[in-house]
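Everything below concerns the one structure shown next.
The values are calculated or read from the model by the stated rules, or taken from the named source; none is laboratory data. Keep in mind that this is a model prediction, so the values were computed, not measured. Using ideal geometry, Cβ is built from the backbone for each residue, glycine included, and neighbour counts are taken over all protein chains shown. For accessibility, only protein heavy atoms count, side chains too; no ligands or nucleic acids. Shrake-Rupley method; radii C 1.70, N 1.55, O 1.52, S 1.80 Å.
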Amino acid sequence: MALKNDLSITFVLLGIVALAIPRNVMSQNCNCAPNLCCSQFGFCGTGVQYCGTGCKAGPCTSSGGGGSGGGSVVNIVTTEFFNGIKNQAGGGCAGKSFYTRDGFLNAVNSFPEFGSGSADNSKREIAAFFAHVTHETGHLCFVEEINKSNKYCDQGKTQYPCAPGKFYYGRGPLQITWNYNYGAAGKAIGFNGLNSPETVAKDPAISFKTALWFWMTNVHSVVNQGFGATIQKVNGALECNGKQPQTVQTRIGYYTDYCKKFGVSPGQNLSC
Ligand SMILES: *[C@@H]1O[C@H](CO)[C@@H](O)[C@H](O)[C@H]1NC(C)=O
């Protein structure tokens, strides 16, 4: 079980076309064709006005961290990279169909500071995020925690009262746990985290947004201190300071592998 503000370790493992004419215009809900971007104003089209700054969905060229040229999330998290993780999960895994690169990129549009900064910092943050995701979900296999017997209800957190019969066990890319995390994430993202925590295991967009909400709230600010600091934030109480050295090494292994794939040095202070 995790301590406050930590995620529980629930892992039980077992080219821009400059067309300025809006096409297929559908404002607000952005139900664009797959090859079109949804602009910041909710219109479908291609080119920088649609795919650039503020682009909400589709093949955006500047989702999160787009300001730094070459460091944008959409360019770093290629289909090859994303599926390279997922392909290591077994055929029967629920996450195989649930977790998609598009779902991830759509969620990133709600968190423009994710992966922002210099190209190198952006790559390190993305590598760190996916290292934890890989570990928590077993290569994007698990959508829900296997052991569903724990409620993860902290009644001391009166701001986020547990709903009757609801369980706040691990769900989604970072296996978010606890009533207070579900409650706060729901408030920030716009779903009822306390009354329907299962949404995190049913709606792919909300699922990735929940993971990114946790990341931006608890982890983003320490990325520049080294990967070890991110382990501390994700599950430090259970793993750091010699408690689970092998688990720590597993996380570090994923991180250094992803840094290598992105062509960036992993930096210092990898362990915790
Ligand atoms: C699930 O968690 C509970 C409480 O921590 C534990 O007692 C039980 O043995 C676990 N079940 C399995 C199948 O691991």
Unmet criterion (only one of (1) outside the structural domain of E113 (by TED's automatic domain parsing); (2) away from the ligand (no atom under 16 Å from the Cβ); (3) open to solvent by less than 30 Å² (accessible area, probe 1.4 Å)) for I231:
(1)
Contact list, first residue from the stretch 74-89 and of a type in the set (K, R), second anywhere and part of a loop (DSSP other than H, G, I, E, B), beta-carbon distance below 7 Å, six or more apart or interchain, is K86/Y99; K86/H139; K86/L140
So which pairs qualify, if the first residue must be in the stretch 205-234 and more than 17 Å from F191 (Cβ to Cβ), the second must be assigned to a helix (DSSP H, G or I) and open to solvent by 40 Å² or more (accessible area, probe 1.4 Å), the Cβ gap must be under 7 Å, and the two must be at least 6 apart or on different chains?
N218/K233; V219/K233; V222/K233; V223/R124; N224/N121
I85 versus (1) open to solvent by 60 Å² or more (accessible area, probe 1.4 Å); (2) more than 16 Å from the ligand (Cβ to nearest atom): which is the lone unmet condition?
(1)
Would you pick out the residues in the stretch 185-207 that are open to solvent by 10 Å² or more (accessible area, probe 1.4 Å) and β-branched (V, I, T)?
I189, T199, I206
Can you tell me which of (1) of a type outside the set (A, V, I, L, M, F, W, C); (2) open to solvent by 60 Å² or more (accessible area, probe 1.4 Å); (3) outside the structural domain of R101 (by TED's automatic domain parsing) is the one Y182 doesn't meet?
(2)
Tally, over the stretch 150-170, of residues that are more than 16 Å from the ligand (Cβ to nearest atom) and not β-branched (V, I, T):
11
Limited to the stretch 98-108, what total is found for residues that are part of a helix (DSSP H, G or I) and touching a Leu at 6+ places or on another chain (Cβ under 6 Å)?
1
From T210, T217, residue being in a helix (DSSP H, G or I) and surrounded by fewer than 17 Cβ atoms within 10 Å (Cβ to Cβ)
T217
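Every residue, every condition in (1) more than 24 Å from G228 (Cβ to Cβ); (2) in contact with a His (Cβ under 9 Å, 6 or more places away or on another chain); (3) in a loop (DSSP other than H, G, I, E, B); (4) within 16 Å of the ligand (Cβ to nearest atom), yes or no:
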position: C93; (1), (2), (3), (4): yes, yes, yes, no
position: K96; (1), (2), (3), (4): yes, no, no, no
position: S110; (1), (2), (3), (4): yes, no, yes, no
position: E113; (1), (2), (3), (4): no, yes, yes, no
position: G117; (1), (2), (3), (4): no, no, yes, no
position: S122; (1), (2), (3), (4): no, no, no, no
position: A127; (1), (2), (3), (4): no, no, no, no
position: H139; (1), (2), (3), (4): no, no, yes, no
position: K148; (1), (2), (3), (4): yes, no, yes, yes
